[in-house]
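Worksheet: the structure to be examined is printed underneath.
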Amino acid sequence: MYVGVDEAGKGPVLGPMVAAAVRADPESLPAGVDDSKRVSPKRRAEIAAALRADDAVDLAVASVEPAEIDAPEADMNTLTVCGQARAVRGVARSGDRVVADAGDTSETRFAKRLRDGVAKAEETADADLVNGTPVESVAVDAAHGADAADPVVGAASVVAKVARDARVTAVDAAYPGYDGVGSGYPSDPTTREFLRAYVADHGDVPPHARRSWSTCADVLAAADQSGLDEF
């Protein structure tokens, strides 16, 4: 069987990165499956719901939380491998072929690291990641742009994006005293304003923020400078 895997939320300053794996026959996928960036939010939600409702489709979602992203030894390539491996581990069966959207400049290196990551997840036997089926014979390929070129990877990208958006909605709901958190991306003025307002109120970034991101450092530095100016 065929497994596609992709992630959403590498770049945001708020919330987790979310990876998803979809195990399906490409012929059974809903119409309009594509790279999530090329699918409207409404259609993404419809596709994700259809995939979840289809007994012939298996899917798994795994999150890489801000605390893990902020760890001093962490890097985004390794974290992308980790997230994708967790998701794959949730659906893969012996003999499956996994196709991933490559999160590294080298497709071959990313495929090897992902395969090693799936095997490592098996060794650790984490109850949250293991589905009870050995995956020692799983084959892994990776390609840049696989989310647009491969329908099963596209389906995974849609599931990951919908799951990531749901997490951002939950983050937004956790801060009712502010005018929204926006998309969570550093380029979003609403997100930056939320961080500025939160830091002004609390003296630190919120727990949902990736404090290792330069956006957080900039907001904290600006708040410190403002305090000095007032003094």
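The values are calculated or read from the model by the stated rules, or taken from the named source; none is laboratory data. Predicted, not measured: the structure shown is a model, and the values here were computed from it. Positions of Cβ are backbone-derived with ideal geometry, glycine not excepted, and every protein chain shown enters the neighbour counts.
Okay, here's what the table says:
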| item | result |
| --- | --- |
| Members of the range 51-60 that are buried (at least 16 other Cβ atoms within 10 Å of the Cβ) and of a type outside the set (Val, Ile, Thr) | 51, 58, 59, 60 |
| Residues of the range 215-231 classified as exposed (fewer than 12 other Cβ atoms within 10 Å of the Cβ) and either modelled with pLDDT under 65 or assigned to a loop (DSSP other than H, G, I, E, B) (or both), total | 5 |
| Those helices (runs of 4 or more DSSP H) lying entirely in the range 112-214 with at least 1 residues under 18 Å from residue 21 (Cβ atoms), out of contact with any helix residue (DSSP H, G or I) (no Cβ under 9 Å at 6 or more places or on another chain) and at pLDDT 95 or above | 151-173 |
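Condition check ((1) crowded, with 24+ Cβ neighbours inside 10 Å; (2) closer than 22 Å to residue 191 by Cβ; (3) at pLDDT 95 or above) across all residues:
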site: 6; (1), (2), (3): yes, no, yes
site: 13; (1), (2), (3): yes, yes, yes
site: 17; (1), (2), (3): yes, yes, yes
site: 21; (1), (2), (3): yes, no, yes
site: 26; (1), (2), (3): no, no, no
site: 33; (1), (2), (3): yes, no, no
site: 36; (1), (2), (3): yes, yes, no
site: 41; (1), (2), (3): no, yes, no
site: 62; (1), (2), (3): yes, no, yes
